[in-house]
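The values are calculated or read from the model by the stated rules, or taken from the named source; none is laboratory data. Everything numeric in this text was worked out from a predicted model, so none of it was measured. Cβ coordinates were reconstructed from backbone atoms using ideal geometry, including for glycine residues, and neighbour counts include every protein chain displayed. Side chains are part of the model used for accessible areas, which takes the heavy atoms of the whole protein and leaves out ligands, DNA and RNA. Shrake-Rupley method; radii C 1.70, N 1.55, O 1.52, S 1.80 Å.
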Amino acid sequence: MRDPFKIDGPTCISFSGGRTSAYMLWRVLQSNGGLPADAVVAFANTGKEDEATLRFVRDCGQNWGVPIVWVEYRPDGYAVVDYETASRNGEPFEAIIRKRNYLPNPVARFCTVELKILRIADYMRSLGHEQFEVLVGIRTDEPQRVANVRKNPSGGTRCVERRMPLADAGITVADVGAFWDQQSFTLELPTYNGKTLAGNCDLCFLKGAAQVQSLIAEKPERAIWWAKMEALALASRPDGAVFRKDRPSYSQMLAFTQAQSDAFGYADDGIECVGCTD
């Protein structure tokens, strides 16, 4: 049986900055005796990741001796940055919102495609790779994400074939947790029922309302950027000026958390996104 972590052609290991995708990277390094010459590890920074995520990406590169390319969206394409120069105030995300002139939402999730998938593809093409694989950190215990990738393996680009070695190897969240329990460093963000609540974009609109409100209650400043984007009112339609029209705005959730100490009474209305992995 073929080792799902073996690389035999131009490949991008898509590193989201979470424990799962970092474990995938480690398995790739073990299976290939290091990073193959025609493989790239890429982290697409949206500017809305927690500082702990940025540190974790840096630490993985330093501890495992592997180069990690940091890319960010720019209106004219992309830029290569690093831990020191990476955006931390949502600049890439705001730039694509202003270019599109409306906010992403559960129906039009252009943020993942524009900020991550296409920017990684741009970088790979800059190296001369017109066709290549992208390894994504999706586990076997994430069946909806697995099904979505199998249904759309190109991820919205003509040059990409996405592959899920963790799912193919039967890796679960318990396996990932057991690995990190044995390491000398880890992602310094807490987990809840196996999920890193503050992972990826801190208050992503695809996260459940209870999760978002709890994250705001923990650090109210997290809501400022999201409320600012909704306050821009870029679109002509009223529902285009909010990330989700089926729940309160970010400014309303901020006001609510200032009056309530615990938001876990909300139902979990989170939505899976295959482009943003743990």
### Query
trypsin sites (Lys or Arg not before Pro) within the stretch 1-80: which are DSSP loop residues with at most 16 other Cβ atoms inside 10 Å?
Arg2, Lys6
### Query
So how much accessible area does Leu232 have, in Å² to the nearest 10, using a 1.4 Å probe?
50
## Note on the structure
Counting Lys and Arg as +1 and Asp and Glu as -1 over every other residue whose Cβ sits under 13 Å from the Cβ of Leu232, the net charge comes to +2
#### Entry: Helix-only [θ]222 nm of the chain, DSSP H runs n ≥ 4, -39500 (n - 2.57) each, per residue, nearest 500
-10500 deg cm²/dmol
#### Entry: Size of charge dipole - the chain - debye, nearest 20, with Cβ of Lys, Arg +1 and Asp, Glu -1, no other charges
700
### Query
Do any chymotrypsin sites (Phe, Trp or Tyr not before Pro) in the stretch 166-214 lie in a DSSP loop with no more than 13 other beta carbon atoms within 10 Å, and if so, which?
Phe185
### Task
Could you name the lysines whose alpha carbon sits less than 28 Å from that of Lys245, not counting residues in the same chain fewer than 8 places away?
Lys48, Lys99, Lys116, Lys151, Lys195, Lys207, Lys219, Lys228
### Task
Check each of the GluC sites (Glu not before Pro) in the stretch 41-89 and keep only those in coil by DSSP with at most 13 other C-beta atoms within 10 angstrom; list them in order.
Glu84
### Task
Take the alpha-carbon centre of the stretch 188-254, take the same for the stretch 25-102, and report the distance between them in whole Å.
22
### Query
For semi-axes √(5λ) of the Cα gyration tensor in Å, the listed values are (1) 35, 19, 17; (2) 30, 22, 17; (3) 28, 21, 17; which was obtained by calculation from the structure presented?
(2)
### Query
Got a sec? Charge dipole of the chain, +1 on Cβ for Lys and Arg, -1 for Asp and Glu; which of Val81, Ala209, Phe56 is way out at the positive end?
Ala209
### Query
Among Gln182, Ile138, Gly155, whose Cα sits farthest toward the positive end of the charge dipole of the stretch 82-192 (+1 at Cβ of Lys/Arg, -1 at Cβ of Asp/Glu, about the Cα centre)?
Gly155
### Task
Let me have the relative contact order for the chain, percent, based on Cα pairs under 8 Å that are six or more residues apart.
23
### Summary
Taking a ≥ b ≥ c as the square roots of the Cα gyration tensor eigenvalues, with a/c under 1.5 meaning rounded and otherwise prolate when a/b beats b/c or oblate if not, the stretch 87-162 comes out oblate
### Task
Whenever you get a sec, line up Thr112, Thr186 from highest to lowest accessible area (probe 1.4 Å, protein heavy atoms).
Thr186, Thr112
### Query
Rounded, prolate or oblate: which fits the stretch 33-186, taking a ≥ b ≥ c as square roots of the Cα gyration tensor eigenvalues, rounded meaning a/c under 1.5, else prolate when a/b beats b/c?
rounded
### Net lengthening on full extension, Asp76/Gln258 (0.36 nm per residue, minus Cα-Cα)
61.6 nm
### Task
Note down the magnitude of the dipole of the stretch 41-186 about its Cα centre, charges +1 on Lys and Arg C-beta and -1 on Asp and Glu C-beta and zero elsewhere, to the nearest 20 debye.
600
### Query
Once you put a point 7 Å from the Cα of Phe110 and another 7 Å from the Cα of Asp122, both along the Cβ direction, what distance in nm separates them?
1.4
### Query
Using r as the Cβ-Cβ distance of Lys228 and Asp8, and R0 as 45 Å, what FRET efficiency do you calculate, to the nearest 0.05?
0.45
### the stretch 123-218 - Rg (one decimal) and Dmax (whole number), Cα, Å
16.2, 46
